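Asks: I am attaching a structure below and will ask some questions about it afterwards.
Every read-out reported here was derived from the displayed coordinates using simple, explicitly stated rules and does not represent laboratory data. Computed from a predicted model, the values in this text were never measured in an experiment. Cβ placement follows ideal geometry from the backbone for every residue including glycine, while neighbour counts extend to all protein chains displayed.
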């Protein structure tokens, strides 16, 4: 799974259009659970910062926004843990 972390937002938006990839973002306010979404084969996973999440213009570019359900008093996870959960679910769906 290639990763990209350079370039600006306009280049990223152009890449999405040119490469015909779905952009899936994460949010603690999402109505879709991360394990209930069928991740397409060509996708970019967009993770926001731990404290603020995705910025509005980033979320607007997403084809879907998924969340990790929380139970009890916890309201969020460490970004690395959240990323690992979502990436593992993508892997799990593809191993079929």
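Asks: Tally the residues that are without any contact (Cβ under 8 Å) to a residue 12 or more places away in the chain and at negative phi, restricting the search to the range 50-93.
Replies: Residues of the range 50-93 without any contact (Cβ under 8 Å) to a residue 12 or more places away in the chain: 51-52, 55-56, 60, 71-74, 77, 80-81, 84, 88, 91-92.
Next, only the ones that are at negative phi stay: 51-52, 55-56, 60, 71, 73-74, 77, 80-81, 84, 88, 91-92.
Within the range 50-93, residues that are without any contact (Cβ under 8 Å) to a residue 12 or more places away in the chain and at negative phi number 15.
Asks: Turning to a different aspect of this structure: Report yes if some residue within the range 18-37 is exposed (fewer than 10 other Cβ atoms within 10 Å of the Cβ) and part of a helix (DSSP H, G or I); otherwise report no.
Replies: Scanning the range 18-37 turns up at least one residue that is exposed (fewer than 10 other Cβ atoms within 10 Å of the Cβ) and part of a helix (DSSP H, G or I).
Asks: Further question: Listed residues 41, 76, 49; which is touching a helix residue (DSSP H, G or I) at 6+ places or on another chain (Cβ under 9 Å), loosely packed, with under 15 Cβ neighbours inside 10 Å and farther than 23 Å from residue 16 by Cα? Lay out the reasoning, then the answer.
Replies: Working: 41 fails: farther than 23 Å from residue 16 by Cα; 49 fails: farther than 23 Å from residue 16 by Cα.
Step by step, each of 41, 76, 49 is checked, and only 76 is touching a helix residue (DSSP H, G or I) at 6+ places or on another chain (Cβ under 9 Å), loosely packed, with under 15 Cβ neighbours inside 10 Å and farther than 23 Å from residue 16 by Cα.
Asks: Let me ask something else about it. Please give the number of the condition residue 56 fails out of (1) under 13 Å from residue 25 (Cα atoms); (2) touching a strand residue (DSSP E or B) at 6+ places or on another chain (Cβ under 7 Å); (3) loosely packed, with under 13 Cβ neighbours inside 10 Å.
Replies: (2)
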